[in-house]
1. Within the range 113-170, how many residues turn out to be within 16 Å of ligand 1 (Cβ to nearest atom), open to solvent by less than 10 Å² (accessible area, probe 1.4 Å) and among the aliphatic types (A, V, I, L, M)?
2. What's the number of the condition residue 180 fails, among (1) free of Cβ contacts under 8 Å to residues at least 24 places away in the same chain; (2) more than 19 Å from residue 24 (Cα to Cα); (3) not hydrophobic (A, V, I, L, M, F, W, C)?
3. Which residues, counting only those in the range 82-100, are open to solvent by less than 30 Å² (accessible area, probe 1.4 Å) and at pLDDT 95 or above?
4. Just to confirm my filter: which strands (runs of 3 or more DSSP E) fall fully inside the range 1-111 and include at least 2 residues that are touching a Ser or Thr at 6+ places or on another chain (Cβ under 9 Å) and within 16 Å of ligand 2 (Cβ to nearest atom)?
5. Residue check: is residue 69 away from ligand 1 (no atom under 13 Å from the Cβ), open to solvent by 50 Å² or more (accessible area, probe 1.4 Å), under 15 Å from the mean Cα position of the chain (by Cα) and of a type in the set (D, E, K, R)?
6. Consider the range 86-115. How many of its residues are among the charged types (D, E, K, R) and farther than 26 Å from residue 167 by Cβ?
7. Report, ordered by the first and then the second residue, all pairs with beta carbons closer than 6 Å, sequence separation of six or more or different chains, a first member in the range 98-125 that is among the aliphatic types (A, V, I, L, M), and a second member that is open to solvent by 50 Å² or more (accessible area, probe 1.4 Å).
Amino acid sequence: MIEIKNLSKSFGQLQVLKNIDLEIKQQEVVVLIGASGSGKSTLLRCINFLEVAQGGEIKIESEVINPTKTNLNKVREKVGMVFQHFNLFPHKTVLENVIEAPIYVRGQKKEDAIVKAKALLKKVGLEDKANFFPDQLSGGQKQRVAIARALAMEPKVMLFDEPTSALDPELVGEVLQVMKDLASEGMTMVIVTHEMGFAKEVADRVVILADGYIIEEGHPSELFDNPKHERTQRFLNQIL
Ligand code: ADP
Ligand code: MG
């Protein structure tokens, strides 16, 4: 689904991603972990071209994406993203948030977009909140709207950047549950999270990033119980 080869990304003098090679297979759930500042968000942002890498190559569904030639809106339709801070449109209702891109980016008919949005809101357990505004919702509800909004574009892959980090602890579970449901339906996902219980249960593969390098990857059962790299051990000791 996604093939990343030798990706490098710098901000000025600071090289944030160094020779990243990573493949994400169809229906695979990959959890990306690493210390703060290790480049996790930058890597996700490169995958949907919110950032443009200086070196290397990203293929999505076998197509090399050349940011100067490819229509990046088309790429972003395939690659949905959910952020730590939800990024909902504050002055639009829940329903309007979900139908916005399908109507204005994909040109769907409003009636069709509404039918679809209602089904997605039902899927994330928020059918009764369609006419609420974001500030009338809890953080967990906002994040579930954000997930429904991303799904409305029918992405092939979903990227999640610490989707539960801004939530009160009692609201984390409801968001993780929606993500688990998506995984079991076969959605391809790349997830940055510190929720190691979730990673153990749901991830097919865990990838550890340190200082812009992938230092280790593997199935969660091997990697958590038997990390090879000393830095992985130290990092896991800090968060487990
Ligand atoms: P993580 O998500 O793992 O915490 P990030 O990818 O956000 O890490 O950041 C990695 C490094 O890149 C950090 O040192 C951060 O300060 C730097 N960085 C991220 N985005 C920018 C930017 N837009 N401009 C300059 N530096 C940035
Ligand atoms: Mg980050």
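The values are calculated or read from the model by the stated rules, or taken from the named source; none is laboratory data. All values derive from a computational prediction rather than experimental measurement. Cβ sites come from the backbone with ideal geometry, for glycine too, and all protein chains shown count toward neighbours. Heads up: the accessible areas ignore ligands, DNA and RNA and are worked out on the full protein's heavy atoms, side chains in. Shrake-Rupley method; radii C 1.70, N 1.55, O 1.52, S 1.80 Å.
1. Of the residues in the range 113-170, 1 are within 16 Å of ligand 1 (Cβ to nearest atom), open to solvent by less than 10 Å² (accessible area, probe 1.4 Å) and among the aliphatic types (A, V, I, L, M).
2. (2)
3. Pass one, the range 82-100, residues open to solvent by less than 30 Å² (accessible area, probe 1.4 Å): 82, 86, 88, 93-95, 97-99.
Selection gives 82, 88, 93, 94, 95, 97, 98, 99.
4. Details: elements: 2-11, 14-24, 29-33, 55-60, 79-82.
Passing ranges, in order: 2-11, 14-24, 29-33.
5. Details: away from ligand 1 (no atom under 13 Å from the Cβ): yes; open to solvent by 50 Å² or more (accessible area, probe 1.4 Å): yes; under 15 Å from the mean Cα position of the chain (by Cα): no; of a type in the set (D, E, K, R): yes.
No.
6. Applying the first criterion (among the charged types (D, E, K, R)) to the range 86-115 yields 92, 96, 100, 106, 109-112.
Then keep just the ones that are farther than 26 Å from residue 167 by Cβ; that gives 106, 109-112.
Result for the range 86-115: 5.
7. Between residues of the range 98-125 that are among the aliphatic types (A, V, I, L, M) and residues that are open to solvent by 50 Å² or more (accessible area, probe 1.4 Å), the close pairs are 103/110; 121/127.
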